[in-house]
Structure formats: C-alpha cells, structure tokens
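These notes concern the structure reproduced below.
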Amino acid sequence: MADSTFDIVSKIDRQEVDNALNQAQRELSQRYDFKNTGAKIEWSGDQAVEITANADDRARAVLEVFKDKLVKRQQSMKILDPGEPRQSGKDTKLSVALKEGISQEQAKKIGKLIRDEGPKGVKVQVQGDELRVSSKKRDDLQAVIALVKGQDYDFAVQFTNYR
C-alpha cells in the first residue's frame with residue numbers, strides 16, 4: 001500500500017485578503033470617525049498593503065479595521081507584518097507586509113517537532129517553502145496535524161494535498 005501524505009504550507013488566500021481590503025475601504029468611507037482624515041488603505045505591490053492617514057493613531061485604527069475584516073474572512077493575523085508609522089509630508093503612512101512561505105529554519109523546527117513528538121514511521125521532507133509529511137497510517141497523519149496545530153508559530157500554517 002502506498003504512503004498517505006499531506007503538505008504543510010504557509011500561503012495567503014489573496015482573494016480573501018483583497019475582499020477584506022475592499023471591505024475596509026468601504027467602512028473607512030462610511031464611518032464618521034474617519035471622515036475628512038484622509039484615511040485610506042490600498043495595495044502596494046503584490047505582497048504589501050499601504051495605509052495612509054493624517055495621524056499615527058488614525059493609521060493604527062485603519063490597521064485595526066483591516067485586521068477585523070481579515071478575521072471575519074478566516075485569515076490568520078500571522079500573515080501581517082506591520083511596520084512603524086512614518087511621516088510622509090503631512091500624512092502618516094504605515095506599510096504592512098504580507099508574509100507567505102515557510103523559511104528553511106522554520107521548516108527544520110517543524111520537522112524536528114514531528115520527529116521528536118510525532119508518531120513513529122512518519123517521514124518529513126522539506127520541499128522549497130513547504131513540508132511533505134508521509135506515513136503508512138492515516139491516523140498517524142491526523143496525529144501530526146493535531147500536533148502542529150497545537151504549536152504556536154509566528155507564521156500561518158495550512159494543511160493541503162491530504163491523500
């Protein structure tokens with residue numbers, strides 16, 4: 001019988017993030033406390049969001065609105081990497097990078113956890129920015145998923161290609 005496998009990845013659902021961004025823009029245009037503040041949120045390239053407002057605290061408030069919309073769309077807060085607010089003329093700008101992929105160091109940490117605490121007979125391979133976990137028993141794979149979900153990493157984790 002062939003081994004059962006699944007992949008551990010850290011990917012961004014770009015469509016959901018885009019929907020959350022659009023909802024945040026709509027809320028900013030309608031809310032009374034954001035009227036005439038120049039508050040706006042928009043894409044800055046493919047992997048970042050730019051927030052503009054007339055004050056630091058207003059920019060942070062826009063970020064909170066965006067986070068709220070992401071949570072409602074079941075997106076992890078761990079994909080966000082907000083920078084510090086910076087002055088740009090009379091406006092304050094806040095760049096928020098979107099993190100995607102698992103680094104080699106993080107992959108080694110997950111692999112070590114699975115080897116040390118996971119069921120015997122489970123194999124882990126690092127494939128670029130994702131991990132392939134394989135085992136003869138599907139129950140072992142379920143145990144590995146529960147083990148990895150129980151950990152608190154500083155990046156979002158998803159499980160794909162379960163077969």
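Find the percent of Cα-Cα distances in region 14-98 that exceed 14 Å, and round it to a whole number.
58
Taking only C-alpha pairs under 8 Å that are 6+ residues apart, what is the relative contact order of region 14-98 in percent?
Values: 126 pairs, mean separation 25.6, N = 85.
Dividing the mean separation by the residue count of region 14-98 yields 30 percent.
Within region 70-163, report the chymotrypsin sites (Phe, Trp or Tyr not before Pro) that DSSP leaves as loop and that have at most 13 other Cβ atoms within 10 Å.
On the way: sites: 153, 155, 159, 162; in loops: 153, 155, 162.
Loop-located and lightly packed - 162.
So, R0 is 22 Å and r is the distance between the beta-carbons of residue 27 and residue 81; what FRET efficiency does that work out to, to 0.05?
Working: r = 22 Å, r/R0 = 1.02.
Here the calculated transfer efficiency is 0.45.
Which Cα, out of 111, 80, 20, lies furthest along the positive dipole direction of region 1-148 (beta carbon charges, K/R +1, D/E -1)?
111
Once the principal axes of the Cα atoms of the chain are found, what is the range along each, listed largest first in whole angstroms?
65, 26, 24
About the Cα centre, and with charges only on the beta carbon of Lys, Arg (+1) and Asp, Glu (-1), how big is the dipole of the chain? Nearest 20 debye, please.
The calculation lands at about 360 debye.
Taking the Cα-to-Cβ direction at residue 115 and at residue 155 and moving 7 Å from each Cα, how far apart do the two end points lie in nm?
About 1.8 nm, to one decimal.
Output ³J(HN,Hα) for region 119-136: one whole-Hz value per residue in order, computed from phi by the Karplus curve 6.51 cos²θ - 1.76 cosθ + 1.60 with θ = phi - 60°, and x for Gly and Pro.
Once θ is set to phi - 60°, the couplings for region 119-136 become x, 5, x, 9, 10, 10, 10, 8, 10, x, 9, 9, 10, 10, 10, 9, 7, 6 Hz.
Mind pulling the angle between the C-alpha long axis of helix 138-149 and the longest principal axis of the chain? Nearest 10 degrees, somewhere in 0 to 90.
Approximately 30 degrees, to the nearest ten.
How high is the relative contact order of the chain? Use alpha-carbon pairs under 8 Å, at least six apart in sequence, and give a whole percent.
Here the relative contact order equals 33 percent.
If the cut-off is a Cα-Cα distance under 28 Å, which lysines reach residue 69, setting aside same-chain residues fewer than 8 apart in sequence?
Once the sequence-local lysines are set aside, what remains near residue 69 is 11, 35, 40, 78, 90, 93, 99, 149.
Extending each Cα 7 Å along its Cβ direction at residue 137 and residue 90, get the distance between those two points in nm, one decimal.
Inter-label distance under the simple model: 6.9 nm.
Stretch residue 48-residue 36 to full length: gain in nm at 0.36 nm per residue minus the Cα-Cα span? All intermediate terms of the calculation are to be shown ahead of the outcome.
Working: separation 12, 0.36 × 12 = 4.32 nm, distance 2.48 nm.
That pair, residue 48 and residue 36, stretches by 1.8 nm at full extension.
Each reported figure results from applying straightforward, stated rules to the coordinates on display, with no laboratory input. Computed from a predicted structure; not experimentally measured. Heads up, the Cβs are rebuilt from the backbone with ideal geometry, glycines too, and the neighbour counts pull from every protein chain shown.
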